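The values are calculated or read from the model by the stated rules, or taken from the named source; none is laboratory data. These numbers come from a predicted model, not from an experiment. Note that we place each Cβ from the backbone using ideal geometry, even for glycine, and neighbour counts take in every protein chain shown. The area values use the complete protein model at the heavy-atom level, side chains included, leaving out ligands, DNA and RNA. Shrake-Rupley method; radii C 1.70, N 1.55, O 1.52, S 1.80 Å.
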Amino acid sequence: MSHDHDDRPRLTAAQAAAVLTPPPGRNGGDLVVESLQGLGATTVFGLPGQHALGVFDAVRRSSLRYVGLRVENNAGFAADAYGRITGEVAPLLLSTGPGALTSLAALQEAAAASAPVLAIASQVPAAGLGGGRHGYLHELRDQQAAVRDIVKSVHTVRTASQIPSAIAAAWESALSAPHGPVWVEIPQDVLLAETVLPVVSAMDANPRELYPRPELTIAAAHLLSNAERPVIIAGGGVVRSDASGKLRALAEKLDAPVVTTFGGKGAFPWEHPLSLRSWLEDRHTTDFLEDADVLLVVGSGLGELSSNYHTFRPRGRVIQIEADAGKLESNHPALGIHSDAREALADLLDAVERREDPDAADRVRTVLEKVRGRIDAQDLVLEQQVLAAVREALPAAAPSFWDMTILAYWAWSAFDARRPNTMHSAQGAGGLGYAFPAAVGAAVADPTKPVLAVSGDGGAMYSIAELATARQYDLPLTWLIVDDGGYGILREYMTDAFGETTGTELSRPDFIALAESFGVPAVRTTPESLAADLGTALAAPGPSVVVLPALLRMFEPTHL
């Protein structure tokens, strides 16, 4: 069997000489860093720990930018956001045991949101692997077992020569559709041991494209071209694959209304005449979707939030385009197309026939008017005022990150993201503490734009230590903390279910004084002055905090 080597990179004479005489004093940590650089990484996030010091020392000697956070799960959230904003792999450096385990909540969010995070964790010395009880510091019987159900793939290194290949394989896995977190672990002694291996050169770890099967495209195009009432649900896969332009072109060619999921915010223009916006937690929208004779679902698994808590019962044919094969038909029977959203939409755009529906925009307007009437009947002026103030203050291109808090739940349905890939929340896994450390990662990814984080006072306390990180790196981000004295949404849930609450009321600090103690300017605002105060903070260089004391309420659910 012959092999064609013509397309492989060739070393120059100088590079070949360097291979034969590698510089002295390198160790396994250098191989990690060289592998990351060879794959194109420029920035790493993390927190040092005793077993991982070989990697961190190598980072010091490299051109990689290190961004250190104060808690491992916050470092994971920062890496998650960096991956979402750039579409590139975000390396996350962790230590053994407690350090590794503390990152798990962030890795779960990255998995749910398909963010390409490459976690590189240290391990006890190689002699301690395998489950024996040797009594090493941080020792676990099986560290991988804690992460295997969360990440896409696990890669174990036992010798220095395995490091480049393991990191390249993990890198490719993270970027394969759907994106997601991956895990590499390397024993302490392998990281510290001196190596005479050549310096790692550029590596190719490009994932294969995920194209739709042509017979499925033809079948889907036939259904859509001949539909009487086609509707499109656009999920996060449209945003991640940068397919919003294809989506709009297809919707306009079919005259098909479009609703975006909470993860798909910004995938379709909010003010477009075919835009149903994001009112998925509304029975009027659910009824409209159920009435479609052909429903095209792109980049969504139609999970709990996207199906009005599984009350959605489609009566027409469903076409589902999804890069995660496990989500195909997981909730509803469909013509399942396993593909990247951009590739599938491009093929559909070529294959469908133009159809005209002069009533489509009127039907969309009728649904939105019904939604508006339902909300207006509930005396929720303050909540809409606050959300409008945030929209007014936030530049259109500036990214925003939302914690699991009442204002974020409003934003999922009612906030105009303006542009794709600018609004992100923790709704994938639903954990607290996401917004501010994620905003740190976004500000690192693109320091030319201000970044907004939105938290409640309860969620803010999860990540208050990262004010020190924001100050240390002088990042252009503003943190809006809505202070209602507790876990507001849980307060509502428990009051509605049981008539009283347990564990929802919180003693909290003076957030203004606390922020200023970190050297971060802060201001207390009101709903009336929020837009001005937030605008001023976002326009100022460096980090800032805006505190809004307010008791917000949720709109009534329609799924109960």
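For the reader, a short list of remarks on this structure follows.
- Paramagnetic reach from Thr495 (point 7 Å along Cα→Cβ, amide N under 15 Å) across region 404-432: 406-407
- Taking the average, over residues, of other Cβ atoms within 10 Å as the packing measure, peptides 296-304, 320-328, 88-96, 433-441 rank 433-441, 88-96, 296-304, 320-328 from highest down.
- Zero-based 5 Å bins, Cα pair distances in region 214-365, whole percents: 2, 11, 22, 27, 23, 12, 3, 0
- 27 Å Cα-Cα reach of Lys246 towards lysines, excluding residues that sit fewer than 8 places from it in its own chain: Lys265, Lys327, Lys449
- Helix-derived mean residue ellipticity, 222 nm - over the chain, DSSP H n ≥ 4, -39500 (n - 2.57), to 500: -11000 deg cm²/dmol
- Solvent-accessible area, 1.4 Å probe, carbon plus sulfur percent, for the chain: 52
- Annotation note: GluC sites (Glu not before Pro) in region 168-227 located in DSSP loop regions with a Cβ neighbour count of at most 16 within 10 Å are Glu209.
- Here the Kirkwood formula puts the hydrodynamic radius of region 450-515 at 13.2 Å, using every distinct Cα pair.
- Normalised by residue count, region 48-184 yields a Cα convex hull volume of 100 Å³ per residue.
- For the chain, the relative contact order is 13 percent, taking Cα pairs closer than 8 Å that sit 6 or more residues apart in sequence and dividing their mean separation by the residue count.
- Note on Thr21 and Glu516: the extension gain reaches 172.9 nm, defined as 0.36 nm multiplied by sequence separation minus the Cα-Cα distance.
- Gained length - Trp270 relative to Arg208, 0.36 nm times residue gap less alpha-carbon distance: 19.0 nm
- Solvent-accessible heavy-atom area per residue, rounded to whole Å², over the chain at 1.4 Å: 41
- Between Leu480, Leu506, Ala75, the Cα set farthest toward the positive side of the dipole of the chain (charges on each charged residue's Cβ, about the Cα centre) is that of Ala75.
- DSSP beta bridges in the chain [antiparallel fraction, %, rounded to 5]: 5
- When the inverse distances between all different Cα atoms of the chain are averaged and flipped, the Kirkwood radius reads 24.9 angstrom.
- Net charge over other residues, Cβ less than 13 angstrom from the Cβ of Ser455 (K, R count +1; D, E count -1): -4
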